[in-house]
Each structure stands twice: as C-alpha cells, then as structure tokens.
Ligand SMILES: Nc1ncnc2c1ncn2[C@@H]1O[C@H](COP(=O)(O)OP(=O)(O)OP(=O)(O)O)[C@@H](O)[C@H]1O
Ligand SMILES: [Mg+2]
C-alpha cells in the first residue's frame, strides 16, 4: 500500500512516541519518530514530511526553537504542537509562530487521527490541483537574463517600483515570458540582503483551485468555518506578512472573490473565514496575467475598481519575438545551467547557424519554450557544438510571425501544415478569443472598423455583424 503521507514525530516520551507511531502507521502513514531533539531539524528535512508532530517541552530544547529553525510554515511541512494541558499559552504562541494546530496531552487517539487526516487531505488536494506555494525560490530563479533594450528598460522600471515600495504590481505578458520571475526579481530588490529564506514570497494560482479553496488559502479560516476546516489555518496574506503575495493568473479569479480581494487591498486587513476579527497585513501584491484584463473589464468579467487598484503600477513583459536580442544570451544561460544540473563537464556551444535559427524562431511559448528546448539539447546531444540538425523541427522551419503586417495577405496553410495557433491544454472560449481579437483590432486602428476588419481578414459587413453579436460596439 502506498503511504498516505509522511509524519515526523518528535517527543521525548517513549510511550507517547510508540503509541502515536503505531496508530498512525496503522492508519496508513509513513512515520519517523525521534525522542532525542539533537539534530532533529536535519532529520526532518531529510524525511521531508507533510506533517510534523512536535512536542513543546523537550529536554535541552524547546519545540518552539525547533519550529523556528524549521522556518516559516515548517519548511514546507505543517507543524502541530503537542502540549500538556498546562501550557495553553505557549500553544497559542506556537500557532503565532506558524504551527497549524496543537494537541493536548493526554491524547484522544481519534482526535489525533482526525487532525492528521484533515491536514493530509488538504495537502493531497493541493498536490492534485497544482497548488503553488513557493516560499524559498530555487537557485534557478536568481538571474533575470535580458540584455535587450526592452528588458533593460523593464528592469529599470522594476527597480523604481521596488525603491518606492509600491503596494501592488500588475505583471502582464504572454505565457512563459517570465512574469513570476519578474515578480521575484522585484521582491528581492525590495528586501535586499535578507536572503530568500528571510522574507516570504508566497504564491497561489487562481486558475488551478476551486473558488472556495482559493478563498480559504488567501484569507485563512477558523476551526469549524466549513465542514473540512478541522484545524484553523492562516491565509497566504497572513503568512506572507512583511513579504510578498503572488496572485498568479488573476484574470481567472471569479467576481465574488475579486470583491473580497479589493477590500483587502483597500484596507490591508483580512478576516479569516469564520473569523470575527480583522487581522492587519503588510505585503506587496504581485498579480500576473496573460489575459487582456481591459477586455475582461469591458466584458464585465473583471471588476474595474480592482483593475485600477492592481494596474496603477504595471510591468509588461514583451514576448520573446519582440526582443530577439535576448534569445542567444538566454539560450547560453540555460545551456550553462543545465550542463551544471546534468553534470556535464563542459557546456556545449551553439554554432553560428544554430544561433541564427534560434533568433529567427518566433518562440510562441516564449522563454519557457526556449528553456525546455535547451534542456532537451543538453540531455540528448553530447557533442561539443550544437548544430542546426540538432535543433527541433519547429525551430528549423520558422513560421511567419504570428502578428503579420496588415498588408500581407493571410497565407493559406499548406495541406498537413500545423496551424499557427495551437489550442491550450485547458481549452479556450472561442467567443472570448474572438472578442479579444476584435477589441485589439479596434484599439490598434483607433476604432476604424474598415481597417480593423482588414486586420482580421474579414469583410466589413461580417466584421460589423460580429461586433454587434458580441456586444462590442
Ligand atoms: N529573463 C529570464 N532570464 C532567465 N530565465 C527566465 C527569464 N524569463 C523567464 N525565465 C525562465 O522561463 C521559465 C518561465 O518563466 P515564468 O514561470 O516566470 O513565466 P510566466 O510568465 O510566469 O509563465 P506562465 O504565463 O506560464 O505562468 C522559468 O523557468 C523562468 O525561470
Ligand atoms: Mg507564471
């Protein structure tokens, strides 16, 4: 049977340890138990549990110190404190320091199992839905490579925003352009010298979770606020206090939640679900989107007041095809990164022809596509020089750029040719896409319908019909 999850148990009482360990193992968990606090933090890190049950009073050490050493949120694990009933006060202190709950001795085994099951359930749900919570960024995120003029200008803007300490930044750009990376860059500039571990940077993907979960993740909840709320939980805004919150794919957030978020950004307070008090928060909010938020506002899908609050300070990352000067430096950066990762003694280099082909490619998946391409090359090609024949087919056969100038006739795709636009995994609303394109064409042409129709390869009459049908006039 696959274990339901890993639990690390720290208590100096042999009896308690063996009783809890046995009952949790019987319930299907993988358990590691320690009675000696020496070196326990390293052991916890090595075991990488989802949950740590930690005795508050240990010989020669306090559970609080271990909790602090584990870092914010237990270094990825949730921590539940084990206390004797006379230490309720310190239990509360432990919760403030990041423990999610406490259990009082003598234990009711059923209660212990319930608390463990509820924490594990949340954990596995997060795994399933692609929950994104990154407190410590990987090394990979350190260098924002981009010598091109647009990226240099963007970095300067980012530095200004960081210096001013602005409360919220909207970061827009196509898929894979580096929005999250830029958010982390600004975050680091705002907290220089503190190191990544010092200041929390916590993100949530607004497209990956059901609405009620996003709400409880953002704002936290009290015990019993809803059926599954077996333990109280701090929200991301609380956890990230002093640091940053990343709201990834903000364009997917539902209207009801947008209203709550707006209140948070106006008052800088949150109230946990089921809570009675407002908790003041202090965090920089980064919202990212690859959607056209203005169009979403026009369609009534995004609150205009929230839009203005987020978009006061805005950073737009142009697609890679509009900053081709970054392609080779990025490719070489990834070559070195992956050579090191896969233990290659000497990173290969690109031949001049290969470099030209990389620059000519339109990179519809932007920097992420380039990164993945280079990673494959490092793994699959062992020679010292990367030649054109090593490059993937789509790089060898450059397609016309996605945004062709208006005067060029729309090319009819050759039979068997791949379409230029590929349907995203999660599907798309054709109507939304149509509306977006029409609004963009109108914006580009200063609302000149004749020219906008031309841009979209439509007759004036059918263009007007569509505009009416979609309610865009
Ligand atoms: N300027 C850059 N320098 C180095 N690496 C970069 C740069 N821009 C992006 N990357 C890398 O490309 C990948 C995609 O970046 P990131 O996740 O920040 O993009 P994104 O815009 O948030 O993508 P999505 O729209 O899919 O959420 C990451 O691995 C990131 O490290
Ligand atoms: Mg992203």
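Read the figures in this text as sums done on the coordinates, not as results from a lab. Note that the structure is a prediction, hence the values are computed from the model and not measured. Neighbour counts are summed over all protein chains in view; Cβ atoms, including those assigned to glycine, are modelled from backbone coordinates with ideal geometry.
Brief remarks on what is shown
- Compactness relative to 2.2 N^0.38 Å, alpha carbon Rg of segment 242-306: 1.20
- Rounded to the nearest 500, the 222 nm mean residue ellipticity of the chain from helices alone is -13000 deg cm²/dmol, with -39,500 (n - 2.57) taken per DSSP H run of at least 4 residues.
- Segment 33-68 versus segment 282-349: alpha-carbon centroid distance in Å: 39 Å
- Solvent-free Debye scattering, log10 I(q)/I(0), computed from the Cα coordinates of segment 430-469 at q = 0.27, 0.32 Å⁻¹: -0.88, -1.18
- Kirkwood Rh in Å, taken over segment 251-349 so that all alpha-carbon pairs contribute: 17.4 Å
- Cα gyration tensor category, rounded, prolate or oblate, for segment 151-316 with a/c compared to 1.5: oblate
- Distance distribution note for segment 6-128: the fraction of Cα pairs above 23 angstrom is 20%.
- If R0 equals 35 Å, the separation of the Cβ atoms of residue 110 and residue 291 corresponds to a calculated FRET efficiency of about 0.15.
- Taking a ≥ b ≥ c as the square roots of the Cα gyration tensor eigenvalues, segment 320-396 comes out prolate, since a/c reaches at least 1.5 and a/b is larger than b/c.
- Ascending count of other beta-carbon atoms within 10 Å, so fewest first, for 444, 179: 444, 179
- Degrees between helix 109-128 axis and first principal axis of the chain (Cα, 0 to 90, nearest 10): 10 degrees
- Arranged from fewest to most other beta-carbon atoms within 10 Å of their beta carbon, 378, 115 become 115, 378.
- Residue separation of residue 260 and residue 45 scaled by 0.36 nm, minus their Cα-Cα distance, works out to 73.8 nm of gained length.
- Antiparallel DSSP beta bridges within the chain, as percent of all bridges there, nearest 5: 15 percent
- Bridge orientation summary for segment 6-128: considering DSSP beta bridges with both residues in this region, about 10 percent are antiparallel.
- Ranked by how many other beta carbons lie within 10 Å on average, peptides 299-310, 269-280 from highest: 299-310, 269-280
- Cα gyration tensor, the chain - rounded (a/c under 1.5), prolate or oblate: prolate
- Relative to the longest principal axis of the Cα atoms of the chain, helix 255-267 runs at roughly 70 degrees.
- With 0.36 nm allotted per residue and the present C-alpha distance subtracted, the residue 456-residue 380 stretch has 23.3 nm of extension available.
- Cα→Cβ-extended label distance, 7 Å offset, between residue 175 and residue 267, nm: 3.9 nm
- Take every pair of alpha-carbon atoms less than 8 Å apart whose residues are at least six positions apart; their mean separation over the length of the chain yields a relative contact order of 11 percent.
- Here the extension length gained between residue 36 and residue 443 equals 139.8 nm, from 0.36 nm per residue of separation less the Cα-Cα distance.
- Share, in percent, of DSSP beta bridges within segment 151-316 that are antiparallel, nearest 5: 20 percent
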